[in-house]
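A short worksheet on the structure shown next.
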Amino acid sequence: MTTYRVCCFLRRFRAASNEPSEAVRDVFQAYTDGGGVVGEEALRRLLREVQGETDAGAEAAAKEVMAFAAEQRLLKKGGLTAEGFHRWLCSDANAALDPRRGVYQDMGSPLSHYFIYTGHNSYLTGNQLSSGCSERPIVKALLDGVRVIELDLWPNTAKNDVEVLHGRTLTSPVELNKCLDAIKEHAFAASPYPVILTLEDHLTPDLQAKVAKMLKDTFRDMLYISESENMAEFPSPDYLKGKIIISTKPPKEYLQTKSGKEEETAEDRAEEGVWGEEISDDKATALQMSEQYSGKYGAEEAEEEPPDGEAEKKARQGADNEYKRLIAIQLTRRKHDMDQDLKVDPEKVTRLSLGEKAYEKAIVSHGAHIIRFTQRNLLRIFPRSTRITSSNYNPLMGWRYGVQMVAANMQGHGRKLWLTQGMFRANGGCGYVKKPDILMNSDPDKLFDPRADLPVKTRLKVTVYMGDGWRFDFRKTHFDKCSPPDFYARVGVAGVAADTRMEQTRVMMDSWIPTWDREFEFPLAVPELALLRVEVHESDNHQKDDFGGQTCLPVWELRPGIRSVRLCDHKGQPLRSVKLLMRFEFFPSSSSSK
């Protein structure tokens, strides 16, 4: 029994039991013999019919399952017991994403063919206005697999050295050499594929020369230097393995920065909650933008300010040539004309950077241009500076149009960041995910339109059986001081607008091991861009529901069958013990699973 004290009396509840749910027990019983156990031949059949294994895969998996059960002493008369089957289902070896798969996509295509795990203001420890700057967030981002690190470079007060900070705010600076040393040490700890270092430079030519020397002295052979000033095509992630790539504007194009002191918006305040606002299908945003903007691309959305005065132009005439030589991926200065900014040069590739607001306008009037541009060139979109709480925007707005660098505030948290973390669990977590073929088709008659009425390609049925682990990771009174928690699960898909949907189970009252046994079906038009969203909350009638864990997984990598799904905290770090048991089944678009 579990006991809770309420004022002067005790409330007693049945002790938590991790027995399999009725639906899972029914699956097991269908393959048992007369002795109530599953033999090896029946287990191979179960692995083929329920878990979706091939004949060869079922043979190998059966041996692993039996070895696991033998180690746990859960074999009976040579067969697998119900408890042994349940424990194996809940193990990490049976995870929804195959833990042994690793990098499997083709890594020999140009960089523009990949979504790239991209950070924004990578040096900040907290909010955009007053937090400290440090090398520690950079280290954490690299260890998490982030492949694009952003540094803002400013002269120190004496104008004789370089600091990293969020300009014209109250953020405290960190020395550039500390950031570079951290990048050198941890760049390839989580992934061997290239790290792109984007620099927002506010330096004089003599300080640019100093930075060039620091880059060369720190990175040495790790630093990638292009053989020509203008590349006709980007190299591949495979070719750039172990390399650090500098990307910024050539010195002659540098401008003064905008002020970072902006007003907080209602959207920022909404993101301050534990998990942030709900993910929408963005139809409302598109409608609002189409009504509000004609497609003009004003200077007010630029990352830079209007052109320099004469003093700045003269200062740039002495721009350091060695610094310029180290810039392998050039950032093109915007012309504030959408047609010109997204013009594809067949002889040269480049990188363009757009603010969140400018990009929202662009997808309304120039969606097809963005897809064509990103087939050869790199596009980076970054959160607007009014997000002073380090909140994020919906990254799918970028991925739907082939945008490679959807920059995220990794020091933030919430549903928008969970989507980014979910996308880059794909392809072995290497930080590069190959764009689907639909985004690389250049035929004008077949160009992908994520806003179109798209036909259903496949149907995904998701069954949420049960969850466990909270009793190990949380205090007895963490969720409710007077009783065990009342958990419910939310399951859905984020993708193109047609695929975006969220469903919810019933609330299981007073249980540390909730059993839902609930099925949901999701018709998917673009499974190649779909992310499965899973959240667990504890129902509270009097206050805001408590957060119980979340995860986000790429649909195209889900293993069919009954699988273990480990949940993470609100920052995306895996919880030690908390898991759900779920089943994934895929059906042709023309059939129904029901």
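Figures for the structure shown
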| quantity | calculated |
| --- | --- |
| Value of [θ]222 nm, deg cm²/dmol, for the chain, DSSP H segments ≥ 4, -39500 (n - 2.57) each, nearest 500 | -7000 deg cm²/dmol |
| Three semi-axes of the equivalent ellipsoid, the range 1-129, Cα gyration tensor, whole Å, largest first | 38, 32, 11 |
| Extended-chain gain in nm, criterion 0.36 nm per residue less alpha-carbon gap, Asp345 and Val6 | 114.9 nm |
| Net charge of Cβ neighbours under 14 Å - reference Pro237; Lys, Arg +1; Asp, Glu -1 | +2 |
| For q = 0.09 Å⁻¹, Debye-computed log10 I/I(0) when each Cα of the chain counts as one equal scatterer | -0.76 |
| Cα radius of gyration and Dmax for the range 384-442 (Å) | 12.5, 39 |
| Extended-chain gain in nm, criterion 0.36 nm per residue less alpha-carbon gap, Lys335 and Lys213 | 40.8 nm |
| The range 337-464 shape via C-alpha gyration tensor axes, a/c threshold 1.5 | oblate |
| Charge dipole (debye, nearest 20) of the chain; +1 at Cβ of Lys and Arg, -1 at Cβ of Asp and Glu | 1040 |
| Positive minus negative residues near Glu49 (Lys, Arg vs Asp, Glu; Cβ under 13 Å) | 0 |
| Per residue accessible area in Å² of the chain, where ligands, DNA and RNA are left out and the probe is 1.4 Å | 43 |
| Cβ-Cβ FRET estimate between Ser590 and Ala60, R0 fixed at 56 Å, reported to 0.05 | 0.95 |
| Two-site FRET efficiency, Asn321 against Lys457, from Cβ-Cβ distance with R₀ of 45 Å, rounded to 0.05 | 0.30 |
| Positive dipole terminus of the range 52-209, leading residue within Ala141, Ile183, Ala69 (C-beta point charges) | Ala69 |
| Mean projected area (nm²) of the alpha-carbon convex hull when the range 104-172 is viewed from all directions | 6.3 |
| Residue-level accessible surface for Ile381, protein heavy atoms, 1.4 Å, Å² | 0 |
| FRET efficiency, 1/(1 + (r/R0)^6) with R0 41 Å, evaluated for His478 and Ala158 via beta carbons | 0.20 |
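The values are calculated or read from the model by the stated rules, or taken from the named source; none is laboratory data. For clarity, every value in this text was computed on a predicted model and none was experimentally measured. When we count neighbours, we look across all protein chains shown, and the Cβ atoms used for this are built from the backbone with ideal geometry, even at glycine. The protein model used for the area step is the full one, side chains on, heavy atoms only, and it has no ligands, DNA or RNA in it. Shrake-Rupley method; radii C 1.70, N 1.55, O 1.52, S 1.80 Å.
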